[in-house]
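Single-structure report; data block below.
What follows draws every value from the coordinates through simple rules; no lab data is involved. For clarity, every value in this text was computed on a predicted model and none was experimentally measured. Cβ sites come from the backbone with ideal geometry, for glycine too, and all protein chains shown count toward neighbours.
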Amino acid sequence: MDRTAIVTGGTRGIGAAISLALKEKGFRVAATYAGNDDRARKFTDETGIAAFKWDVADFPACQDGVKQVESALGPVEVLVNNAGITRDSTMKKQTRQQWDEVIDTNLGGVFNMSKAVWPTMLDRGFGRIVNVGSINGQAGQYGQVNYAAAKSGIHGFTKALAQEGARAGITVNAVAPGYIDTDMVAAVPPEVLEKIVARIPVGRLGGASEIARGVLFLVEDEAGFVTGSTLSINGGQHMY
């Protein structure tokens with residue numbers, strides 16, 4: 001597969017699984033990260049996947065970062081917008097800063113990165129953008145008005161941009177993971193996690209590799225008739 005892919009937040013958790021799956025399919029992969037240099041270095045040493053550091057909430061940094069990737073690996077034809085953060089709090093306690101940080105990273109980052117790769121995709125007449133949403137953007141979640149709003153916005157963004165790219169050979173889709181066995185979920189108190197798993201019909205957490213397989217399907221050349229769609233991968237917890 002002679003194509004270059006960027007995976008934001010691509011050195012940890014779901015992002016790392018996506019980066020590795022794309023590499024194994026023959027893509028040239030750039031994994032971005034925002035802060036953990038040691039983790040990123042270890043990821044590159046173990047996988048051979050190049051890691052690039054910038055904050056997806058920073059519009060100029062995204063423009064410059066994509067240029068760096070293109071210089072190193074070639075024109076970007078696949079973008080997986082995976083980077084995301086949480087700042088959970090009820091509305092009573094949530095600060096404007098907590099709201100802004102989550103919206104700017106989780107939703108603003110999708111705009112910033114898509115904007116940076118869009119001209120090249122239009123020029124080449126081909127592109128695949130996959131945005132990582134969330135079950136909590138579909139169903140909502142107590143204490144996550146910022147996160148749920150950002151992820152719900154991703155699903156709307158996906159449908160709208162898909163209409164712009166369709167005739168240009170660019171597809172824009174989303175995956176909506178449920179509760180996946182990652183560091184973020186591992187931080188949930190055990191008694192709360194037990195209740196979450198009890199609500200999942202298949203009776204377990206999902207694996208990051210299961211999300212990666214969904215992404216692989218959507219970025220294939222043969223998936224050109226699939227656009228504006230959201231693939232829910234949640235063990236049946238929310239059928240949307």
So who's got an amide H within less than 5 Å of the one on A30, skipping anything under 5 residues away but keeping other chains? H placed 1.01 Å off N, in plane. A5, I6, V7
Ranked highest first by average number of other Cβ atoms within 10 Å, how do 158-164, 94-100, 206-212 line up? 206-212, 158-164, 94-100
Please give the FRET efficiency for S71 paired with S229, using the beta carbon to beta carbon distance and R0 = 25 Å, rounded to the nearest 0.05. 0.15
Given +1 on the Cβ of Lys and Arg, -1 on the Cβ of Asp and Glu, and no further charges, what dipole in debye does the chain carry about its Cα centre, rounded to the nearest 20? 400 debye
Taking loop as defined by DSSP and a crowding limit of 13 other beta carbons within 10 Å, which trypsin sites (Lys or Arg not before Pro) in segment 165-199 fit? R199
For segment 54-61, 3J(HN,Hα) per residue [Karplus equation, 6.51 cos²θ - 1.76 cosθ + 1.60, θ = phi - 60°, Hz, x = Gly/Pro]: 6, 8, 5, 6, 9, 4, x, 5
M184, M121, M113 arranged by Cβ crowding within 10 Å, fewest neighbours leading: M184, M121, M113
Loop-only check: which trypsin sites (Lys or Arg not before Pro) in segment 16-94 are DSSP coil with at most 13 other Cβ within 10 angstrom? K92, K93
List the lysines whose Cα lies under 27 Å from the Cα of K195, skipping any in the same chain that are fewer than 8 positions away. K92, K93, K151
Just to be sure I understand the model, the point goes 7 Å from the Cα along the line to the Cβ. What's the resulting T44 to D2 distance in nm? 2.7 nm
Mind checking which lysines have their C-alpha under 21 Å from K42, skipping anything on the same chain fewer than 8 residues away? K23, K53
